[in-house]
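See structure below.
The values are calculated or read from the model by the stated rules, or taken from the named source; none is laboratory data. Just so you know, these numbers come straight off a predicted model, no measurement behind them. Ideal geometry is used to build each Cβ from the backbone, glycine not excepted, and the neighbour counts take in all protein chains shown. Just so you know, the surface numbers come from the protein's heavy atoms only, side chains and all, with ligands and any DNA or RNA stripped out. Shrake-Rupley method; radii C 1.70, N 1.55, O 1.52, S 1.80 Å.
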There are 2 protein chains.
Amino acid sequence: METKVGWIGTGVMGHSMAMRLLKKNIPLVVHNRSESKTKELIKEGALWAESPCEVAKQTDVIFQMVGLPKDVEQCTLGEKGVLEGISEGKIFVDMTTSSPSLAQKIGEAFKAKKALTLDAPVSGGDIGAREGTLSIMVGGDEKAFQSLEKFWDILGKTVVYQGPYGAGQHTKMVNQILIATNMIGVCEGLLYAYRSGMDPWKVLESVESGAAASWSLSQLGRRVLDKNFEPGFYVEHFIKDMGLALDEAKKMNLSLPGLALAHQLYIALKAQGGGKKGTQALFLALSELSPSME
Amino acid sequence: METKVGWIGTGVMGHSMAMRLLKKNIPLVVHNRSESKTKELIKEGALWAESPCEVAKQTDVIFQMVGLPKDVEQCTLGEKGVLEGISEGKIFVDMTTSSPSLAQKIGEAFKAKKALTLDAPVSGGDIGAREGTLSIMVGGDEKAFQSLEKFWDILGKTVVYQGPYGAGQHTKMVNQILIATNMIGVCEGLLYAYRSGMDPWKVLESVESGAAASWSLSQLGRRVLDKNFEPGFYVEHFIKDMGLALDEAKKMNLSLPGLALAHQLYIALKAQGGGKKGTQALFLALSELSPSME
């Protein structure tokens, strides 16, 4: 009998990923806090379930992609959550970027019901979700990881098993630490280029293929020069992720001054009204620190 | 008659670049503060000159690659410097990473003698110098830039004319700003990976091809994981470059908190004895902030 698959959380990322599974003829049972966001998936053949618990009862493998760690906790361990409906041998995969500690807590709770869990946050944005080119960083039960190969192939390009419960989340924290601090450099570098009277496009040509090369410089730096601050990834979500990483680092007695600076600068950007802008809008917060003398 | 070419400064970078010109059958007149470092070049056919002034007298195009801005000032404007020996129509190219203001000062001084100057700092390290794959960022007289195409082809891969006197140096400042802040992220990310008990090589596999991708992560991050802190680029030279960029930024009323943090952390690393290590040794200074609890 075919594996029955559930999907909880159909926001920007979750919708695109669930749609990829449907288009590959994998039937889905779906749930989302606001039902309206599942309409397109239902039109493509997905079945609606009233709660995360119902999804877990009706399916064998349950994917989840929600917003904040508190949403993860609610949908997973709360009333009518996944845990209530789970049973022996079923696999629960939380793809939300959330705290490593919470992933461990969920892992233990599900183990008590002989169910398996994976924490599998992703990187690659909405484009990666639509095109199936995500990097998926997986922690939890290794056999469960292996048994889901078919789904990883549809959803991601770089899919790496990182270790026990929480290891996927820890890897995502590393990813966000790398991006956060580099974004300061990208924005400061471009701001210097502008203020020194250079042609920033020519400067980009000189620097983007050498030792200063980065994905953020070539992709998001270009958007800055185009004065395009639309969200690929929301500032307010990024602030959440940096906060999670700083909390985890603190528990490890680990001082991360670059990440702390990035966090503060992004909070300043949000305070200036930039919470719904893309992460490249850090350029605006840094400009604000040094208003032009004109 | 063939253009006569001079080369001043034969340290690690200057030596490799001068050698490339010799191997392409371009005769050179060379000078270096300590004569011994020109031995190999002399063996390949270069002629020795007693001072920068002498190099300028005997040649038409003079390249220079020395250490600090004060060395640039000494070799160029000081006693027996290039300016003393220069005359109408000759071209002086300073490839040292130095201050944009000094490049402007040199440009004006040479203009008074109807000589042309270019500031043309490079990025790409010793490997780039040996293999002729440098990024060369050029400011100064545009016609002089165009007339040297043959030399640019031998020395570099990405060679971009950026604008008037100092524009090459400004571009190099942008390059160093980008690298400095990103190095904090690379080292903090890898430190987090270690401390959270992950396999940092596996973590690298998950993060290095997505939105966190950078040259520094893939090249210097690997050296960190190999515990290789040997210099590709010296910490103490990097501190010099960051200081130059901060000075210029201050003149522009430009606040660069990420660069300032990187500068301070690298000063701490130097204080810990790391001045002659490679820039990836920032990992050690950050570890020192959070000594392992074991």
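Remark on residue A:275: its backbone amide H falls under 5 Å from none of the residues 5 or more positions apart or on other chains, H modelled at 1.01 Å from N. For residue A:44, the label point sits 7 Å beyond Cα toward Cβ; its separations from the matching points on the remaining copies run 6.0 nm, from shortest to longest.
Charge dipole (Cα centre; +1 on Lys/Arg Cβ, -1 on Asp/Glu Cβ; no other charges) of the protein assembly as shown amounts to roughly 160 debye. In this Cβ point-charge picture (+1 for Lys and Arg, -1 for Asp and Glu), region A:5-164 has a dipole of about 220 debye about its Cα centre.
Across A:54, A:205, the residue with the most accessible area heads the list, and the full order at a 1.4 Å probe is A:205, A:54.
Inter-chain Cβ neighbour count for A:133-139, averaged per residue, equals 3 (cutoff 10 Å, partner chain atoms only).
Rounded to the nearest 5, the antiparallel percentage of DSSP beta bridges internal to chain B is 15%.
Which one, A:183, A:16, B:259, projects farthest toward the positive side of the charge dipole computed for the protein assembly as shown from Cβ point charges (K/R +1, D/E -1)? It is A:16, whose Cα lies furthest towards the positive end.
In the context of the full set of protein chains, the protein assembly as shown has a per residue accessible area of 41 Å² (1.4 Å probe).
Residue-wise HN-Hα couplings along region B:114-129, as the Karplus relation 6.51 cos²θ - 1.76 cosθ + 1.60 with θ = phi - 60° gives them from phi, are 6, 9, 10, 10, 9, 9, 9, x, 10, 9, x, x, 5, 4, x, 5 Hz; Gly and Pro carry x. Tell me which residues come under 5 Å, amide H to amide H, from residue A:163 once H is placed; ignore anything under 5 positions away on its chain. Under 5 Å from the amide H of residue A:163: A:140.
With a threshold of 28 Å on the Cα-Cα distance, the over-threshold entries among A:251/B:227; B:23/B:157; A:43/A:70 are A:43/A:70.
Beta-bridge orientation, region B:5-164: approximately 15 percent antiparallel, per DSSP, counting only bridges with both partners inside. Electrostatic bookkeeping for residue A:84 treats Lys and Arg as +1 and Asp and Glu as -1; over the other residues with beta carbon under 11 Å from its beta carbon, the sum is +1. Ignoring ligands, DNA and RNA and using a 1.4 Å probe, state the total buried accessible area between A and B in Å², rounded to the nearest 100. The contact between B and A buries close to 5100 Å².
Sequence-ordered 3J(HN,Hα) estimates for region A:248-256 from the Karplus curve with 6.51, -1.76 and 1.60 and θ = phi - 60° stand at 5, 4, 4, 4, 8, 6, 10, 8, 10 Hz, glycine and proline given as x.
Considering only Cα atoms, the convex hull volume of the protein assembly as shown works out to 161 Å³ per residue.
3J(HN,Hα) couplings calculated from phi for region B:104-111 with the Karplus curve 6.51 cos²θ - 1.76 cosθ + 1.60 (θ = phi - 60°) are, in sequence order, 5, 4, 5, x, 5, 4, 6, 4 Hz; Gly and Pro show x. If the Kirkwood radius is taken over C-alpha pairs of region B:81-237, then at 37 °C and 0.692 mPa s the Stokes-Einstein diffusion coefficient equals 186 µm²/s. In chain A, the DSSP-assigned H stretches of four residues or longer account for a calculated mean residue ellipticity at 222 nm of -14500 deg cm²/dmol, using -39500 (n - 2.57) per stretch and the full residue count as denominator.
Ranked by solvent-accessible area (1.4 Å probe, protein heavy atoms only, all chains present), the residues A:222, B:130 order from largest to smallest as B:130, A:222. When A:215, B:48, A:152 are compared by accessible surface with a 1.4 Å probe, the order from highest to lowest is A:215, B:48, A:152.
Within straight-line reach of residue B:90, meaning a Cα separation under 19 Å, sit the following lysines at least 8 residues removed in sequence or on another chain: B:4, B:57, B:80, B:105, B:111, B:113, B:114, B:143, B:150. Rolled with a 1.4 Å probe across the full set of protein chains, the surface gives residue B:96 an accessible area near 0 Å².
For residue B:250, the label point sits 7 Å beyond Cα toward Cβ; its separations from the matching points on the remaining copies run 3.4 nm, from shortest to longest. Separation of region A:150-178 and region B:217-251, taken as the distance between their Cα centroids, equals 29 angstrom.
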